[in-house]
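The values are calculated or read from the model by the stated rules, or taken from the named source; none is laboratory data. The shown structure was predicted, so the numbers you read here are calculated from the model rather than taken from an experiment. Here the Cβ positions follow ideal geometry from the backbone for every residue, glycine too, while neighbour counts run over all protein chains shown. Just the protein is used for accessible areas: all its heavy atoms, side chains included, with ligands, DNA and RNA removed. Shrake-Rupley method; radii C 1.70, N 1.55, O 1.52, S 1.80 Å.
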Amino acid sequence: MFLDNRHRLWFRLLLMLSAISLFILAYQWGNNYQRRHATPPVIGGILLMPPATLPTFALQDARGQTVDQDVLSKGWTLMAFGDLARASGQLAIHRLIDLHGKVADQRALFKQLRLVLVTPSVAPNLARDFARLSPALLILGDGAEPSDQLREQMGLGEEDTSSVFVIGPGGYILAYLPDTQTGTAMADDVKAIHANAFQLLPEQP
């Protein structure tokens, strides 16, 4: 018994669609496997593998709004610490804004990157003045928990530093960029981390 032309055409189309589906699934699996098992990028800073997770915190911005770890878990964040009323905080802000400008050639990263300075306290007028330097800048001070507690949990001592933490989606701390690096070296590290995000970030359930 032979299939008529209409059934033979339908059967060939079904086989073709099945073959295409299998090819796509195999390609995606192979691509994901290769990326997950590729060699991590080499950076000048310190790559955290496996990445750490942001500690629980609740700080306030210049408008008195509470910002916690869940807020910073959305998108990409560069975080630094320093007293805004002293040179340490102002240097950290300069470093963050300089870094932001140096990744401007990566439009997707540039547009979603958040800059965060954690300072012991937020003087609203001073914070608003500095926040005008960049729409991406967020200045956080003491709220429900002291900022010193977050600083300690992030592994920083009491020494003033303009080092930067790179935090990826999900609130994962992916890298620590020491202040001994140049701005260009830091920017290259941030670009490399973003380009390899699929490999560096934990698999989502």
Please give the number of the condition Phe198 fails out of (1) within 15 Å of Pro40 (Cα to Cα); (2) surrounded by 14 or more Cβ atoms within 10 Å (Cβ to Cβ).
-> (2)
Inter-residue pairs, beta-carbon under 9 Å, first at pLDDT below 85 and in the stretch 125-154, second aromatic (Phe, Trp, Tyr), 6+ apart = Gly143/Phe57; Ala144/Phe57; Glu145/Phe57; Ser147/Phe57; Ser147/Phe81
If we only count strands (runs of 3 or more DSSP E) wholly inside the stretch 39-142, which ones have 3 or more residues that are open to solvent by less than 60 Å² (accessible area, probe 1.4 Å) and out of contact with any helix residue (DSSP H, G or I) (no Cβ under 7 Å at 6 or more places or on another chain)?
-> 46-53
What do you reckon, is Pro178 open to solvent by 20 Å² or more (accessible area, probe 1.4 Å), under 16 Å from Ser73 (Cβ atoms) and in contact (Cβ under 8 Å) with a residue 24 or more places away in the chain?
-> no
Name every residue in the stretch 187-205 that is among the aliphatic types (A, V, I, L, M), under 26 Å from Thr56 (Cα atoms) and either at pLDDT 95 or above or part of a helix (DSSP H, G or I) (or both), in order of residue number.
-> Val190, Ile193, Ala197, Leu200
